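Scroll down for the structure; my scribbles are underneath it.
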Amino acid sequence: MKVTLEELRGLQKSLADRVEFLSANRNVDMDELNRLRSIGLRISMIFLSYSFEKDSKEIELGYSDEENAIAEEMEAYRVSQIHQRINTGSCLSCVENLADMAMDLVRQINEIVSGIKPGRNAILMNNINTKFAVASEFLTEVASLKDNPDKISAWKAEEISSAVTAASLMGRTKSEKKSAAARLNGKKGGRPRKNPLPESVAKKEENARKSKKSASIATKKTVAAKKSYAVAERRMVLPRGSKIAK
């Protein structure tokens, strides 16, 4: 996990506040208190290693159990900071923060999917990738709110059904089975009408289609016959001295 020294300072202050609160509690959990103190001490040691660096300096955590513990606390701290900005800021700033968080999740999903290999069961891995793709589309739509005021207005005015949205996203996903089913339905005449026509009207439309098809076939036959006659006439050779009757 990559963090800045500025984030570590914020986490250290948050840990100090929690230690102070727990210490004032009579029924304090000593294991939790000692854990927080240990993490705070480890952060202080990190600051000693980067004492001459700026707060914008970015470092990597996760090379030891102690750093993994700091990384876990940092994840919780980042989420708490987002919630604080959401709850204290304006509606627009709330949307911007949520959009940024959604975009970060999309990047993480893309990194996970790029590292997934087919493995022993390609169908299972494909299904997992499909679910990740649907989640990514949901999050991308939330992330797009940051640069789309019209969508924000629409979402304010109308409640969105999660079931309908999920169905529409799943409908846009592609697979071999869906493609094969679509081809088969196309051969059968395509998707049926949502509101079937009355039997009399349907029969009239069917007769009209048949008449149009018959007329088209007859026209094609007539045109073909005329072409054949014209070709035969051009190729016809008359006996010497004979004339074509007018």
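Tabulated data
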read-out	value
Charge tally in the Cβ shell below 15 Å around GLU32, where Lys, Arg are +1 and Asp, Glu are -1, GLU32 excluded	-2
In Hz, Karplus ³J(HN,Hα) per residue of segment 216-223 (6.51, -1.76, 1.60; θ = phi - 60°; x = Gly, Pro)	5, 5, 5, 5, 5, 5, 5, 4
Using θ = phi - 60° and Karplus 6.51 cos²θ - 1.76 cosθ + 1.60, couplings along segment 28-38 (whole Hz; Gly, Pro as x)	5, 8, 5, 4, 5, 5, 5, 5, 5, 5, 5
By accessible area with a 1.4 Å probe, ligands and nucleic acids excluded, highest first: order of VAL113, VAL95, VAL223	VAL223, VAL113, VAL95
Segment ASP150-LYS227, length gained on full extension (0.36 nm per residue, minus Cα span)	21.6 nm
Out-of-range pairs (alpha-carbon distance over 30 Å; input LYS188/LYS226; LYS131/LYS151; LYS203/LYS226; LYS188/LYS221; LYS117/LYS146; LYS2/LYS156)	LYS188/LYS226; LYS203/LYS226; LYS117/LYS146; LYS2/LYS156
Projected-area mean, segment 1-84, by convex hull of Cα positions, square nanometres	5.8 nm²
Chain lengthening between ALA215 and ALA76 when straightened (0.36 nm per residue, less Cα-Cα)	42.6 nm
Distance in nm between pseudo-label sites at GLU205 and LEU22 (7 Å out along the Cβ direction from Cα)	7.1 nm
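The values are calculated or read from the model by the stated rules, or taken from the named source; none is laboratory data. Not measured: the values here are computed from a predicted model. As a convention, Cβ positions derive from the backbone with ideal geometry for all residues, glycine included, and neighbour counts pool all protein chains shown. Remember, those area values only see protein heavy atoms, side chains included, never the ligands or the DNA or RNA. Shrake-Rupley method; radii C 1.70, N 1.55, O 1.52, S 1.80 Å.
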